[in-house]
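Working notes, structure below.
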Amino acid sequence: MKRILIILFASVLSLASCKKDPKQPETLDAPATIIFDGYASTTSGTYSTYAASTPTVKGTGSVNIVLTYTGDVRTLTFTTLTGSVVNTLGTANVSGGSYTFTRLVKDLRGATDAPLPTSGTSGSVVLTVSATLGDGQVLKRFFTINITG
C-alpha cells in the first residue's frame, strides 16, 4: 500500500511540474465581411419599378447595390426567395475589392411569383448573397429590397 501511495505521489508531482501552455485569446472574426452600399449596417433599400421619377414604362427601374467585401472571396451568388420559388439571379467570380449587383427590379421575381406592385402599392423581396471563400466555406448575408410601384 505504501508503494502505491509513493508512486501516486510521484506521478502527481511530475504532472504538477509540467509547464502549461499560455492561454490563447479566442477570436470570433469572420474570414470575410460582406457590406452593402459601403455601410455594414445597411440591410435594406427601396427601389422603384420605374426608371424615372415620372412613371413611363413599368419594370424599367433597376437595383444597383455595391457589395464591398474583405477576405478571400472566390464567388458571389445572388438569389431571392419569393413564395416557394428560389430565383437564381447569377453568380459572379471575384478577386477582391467590390462588386456591383445590378438587375432590373422586374427580374427579381420569378415567372410564377406575384406580379410587381401596381402604382401606389409596394412589395419586397429578400436578396441572399452567398460568398464562397477560397477554402470552400460559404457565408451568407441578406438584403431586403423594398419595391415601390
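Observations on the model:
- Any chance Thr33 is at pLDDT 75 or above and within 15 Å of Phe101 (Cα to Cα): no
- Top-ranked residue in the range 90-106 [being exposed (fewer than 13 other Cβ atoms within 10 Å of the Cβ) and part of a loop (DSSP other than H, G, I, E, B); ranked as modelled with the lowest pLDDT]: Gly96
- Residue in the range 107-120 that is at pLDDT 85 or above and under 18 Å from Thr43 (Cβ atoms) present: no
The values are calculated or read from the model by the stated rules, or taken from the named source; none is laboratory data. Not measured: the values here are computed from a predicted model. Here Cβ is always computed from backbone atoms with ideal geometry, including for glycine, and neighbour counts include all displayed protein chains.
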